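First up is the structure itself, then whatever we jot down about it.
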Amino acid sequence: MKPIEPNTEFDLIPMLATVASFSFPHEAHIARAKLESEGIPVALADEHTVSMQWFYSNAIGGVKVQVPPSCAQRAIEILAQDDSDLLEQD
């Protein structure tokens, strides 16, 4: 009998830190775009679940914005910035 090889596939998946969560996917996409424009790699967790079954959002904690742990503090600071002064007034 051949011994079972250890599964190292999970070792290749980097751990991510959740820096924000949103009730709706479009809100998470705005945060994702803001972080990516600052050079931070972003993944969205549970986006498809909430898109297909929106009423699950509250139960699963919404759509999570995740970044590498080394970028987490910077990402939180970027998302906390008030950019409303950049909006054009008519």
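Within the range 73-90, restricting attention to residues that are small (Gly, Ala, Ser) and farther than 15 Å from Leu44 by Cα, which residue is surrounded by the fewest Cβ atoms within 10 Å (Cβ to Cβ)? Per the criteria, the residue is Ser84. In a residue-by-residue description of the range 34-49, the property of being assigned to a loop (DSSP other than H, G, I, E, B), surrounded by 14 or more Cβ atoms within 10 Å (Cβ to Cβ), touching a helix residue (DSSP H, G or I) at 6+ places or on another chain (Cβ under 7 Å) and of a type in the set (A, V, I, L, M) applies to at least one position. When Thr18 is tested against the conditions (1) in a helix (DSSP H, G or I); (2) under 15 Å from the mean Cα position of the chain (by Cα), the lone failure is (1).
The residue that is surrounded by the fewest Cβ atoms within 10 Å (Cβ to Cβ), counting only those in the range 50-72 that are of a type in the set (A, V, I, L, M, F, W, C), at pLDDT 95 or above and over 10 Å from Ser23 (Cα atoms), is Ala72.
The values are calculated or read from the model by the stated rules, or taken from the named source; none is laboratory data. It should be emphasised that the depicted structure is a prediction, and the values quoted were computed from it without experimental measurement. We place every Cβ from the backbone using ideal geometry, glycine too, and count neighbours over all the protein chains shown.
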